[in-house]
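Asker: Sending over a structure as structure tokens; questions will come in a sec.
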Amino acid sequence: MSGDMDANIVLLGPPGSGKGTQASRLSKTLGLTHISTGDLLREAIGLGTPLGIKAKEYVESGRLVPDELVVELIKEKVGGAGDGVLLDGFPRNLEQARMLEEIVKIDAVINIDIEEGELVRRLTQRRTCKSCKAVYNLDSNPPVMNGKCDRCGGDLIQRSDDTEQVVKERLKVYRESTLPLTEHYQRKKILIDIDGKGTIEEVYQRTMRSLEPLR
Ligand code: AP5
Ligand code: MG
């Protein structure tokens, strides 16, 4: 299955469930525009933009950035992309979900489900390319050359929110604010649960199969 898709899809799941990893593959295969609020916020923080300055303390401590800041970002990105978006990390709470409904019609919500012990392991072993943002894992998806990106040769770094303490806070925020979204989308009959266990390839194949009815 390949080729462009017009559907608008949300990827939901706890920190470390593989949203970014799967989104980068799915968006290429399906011709969707990948929009990650986490990546956009980290970019703004790196550049020191007004948004980045406001968002920094929230991202670094694992709390949600205030809705109005993130919604502005989403309006701009989704508005510019047209149909065929893959949202990674948005919405994060019911308020954001309601605001999203005013911007675009969501066709499917993929919920990657995985147990917490595995998440902490994955996040503390994650490394990200400083230049092209490619994501690696020292256990499950290591780079060919230690500390260097396979794709562009850039330096691999650890995200500042991948310490055990901040990961715990992010998981708490997920349970309290984001998890209730699964019920919200179940009621709307657009939730697709995906088992997040297994290799990156296995999760990808499961997700692709689950999207077949939409194509
Ligand atoms: P964000 O960047 O969205 O972080 P997150 O939701 O915590 O999720 P992660 O990016 O950590 O994990 P992921 O699910 O993408 O997993 P990945 O594919 O990297 O948000 C960061 C912060 O920004 C938030 O805390 C908040 O402050 C702010 N923010 C963002 N959006 C916001 C919003 N809407 N509202 C308010 N604030 C917002 O995989 C993880 C690791 O596991 C990698 O090393 C990968 O290689 C590995 N891996 C992936 N799949 C597998 C597999 N199947 N088997 C083994 N290893 C695997
Ligand atoms: Mg991510």
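The values are calculated or read from the model by the stated rules, or taken from the named source; none is laboratory data. In this text, all values refer to a predicted model and were calculated from it rather than measured experimentally. Positions of Cβ are generated from backbone atoms using ideal geometry, with glycine treated the same way; all protein chains shown enter the neighbour counts. The area values use the complete protein model at the heavy-atom level, side chains included, leaving out ligands, DNA and RNA. Shrake-Rupley method; radii C 1.70, N 1.55, O 1.52, S 1.80 Å.
Asker: Could you pull out the GluC sites (Glu not before Pro) across the range 66-170 that fall in loop regions by DSSP (anything but H, G, I, E, B) with no more than 13 other Cβ atoms inside 10 Å?
Answerer: Qualifying residues, ordered by number: 115.
Asker: Over its Cα atoms, what ratio of radius of gyration to 2.2 N^0.38 Å does the range 1-109 give?
Answerer: Working: Rg = 13.7 Å, N = 109, 2.2 N^0.38 = 13.1 Å.
Normalised Cα radius of gyration, the range 1-109: 1.04.
Asker: Anything over 23 Å Cα to Cα? Flag those among 56/197; 19/130; 168/188, in the order listed.
Answerer: Distance filter (> 23 Å) returns 56/197; 168/188.
Asker: Counting other C-beta atoms within 10 Å, and keeping those with at most 12, which DSSP coil trypsin sites (Lys or Arg not before Pro) do you find in the range 54-113?
Answerer: Within the range 54-113, the qualifying trypsin sites (Lys or Arg not before Pro) (loop, at most 12 other Cβ atoms within 10 Å) are 105.
Asker: What Kirkwood hydrodynamic radius, in Å, does the range 143-215 give when the mean of 1/r is taken over all pairs of distinct Cα atoms and then inverted?
Answerer: 15.9 Å
Asker: Right, something else. Percent of Cα-Cα pairs more than 18 Å apart in the range 78-144, please.
Answerer: More than 18 Å apart: 58 percent of the Cα pairs in the range 78-144.
Asker: So what is the calculated 222 nm ellipticity per residue for the chain, using -39500 (n - 2.57) for each DSSP H run with n of 4 or more, over all residues, to the nearest 500 deg cm²/dmol?
Answerer: Computed mean residue ellipticity for the chain: -14000 deg cm²/dmol.
Asker: Over all distinct alpha-carbon pairs, what is the Kirkwood Rh of the chain in angstrom?
Answerer: For the chain, inverting the mean 1/r across all distinct Cα pairs yields 17.6 Å.
Asker: Ignoring ligands, DNA and RNA, what percent of the accessible area of the range 1-47 is carbon or sulfur (1.4 Å)? Could the numbers behind the result be given before it?
Answerer: Values: 820 of 1760 Å².
It is 47 percent, rounded to a whole number.
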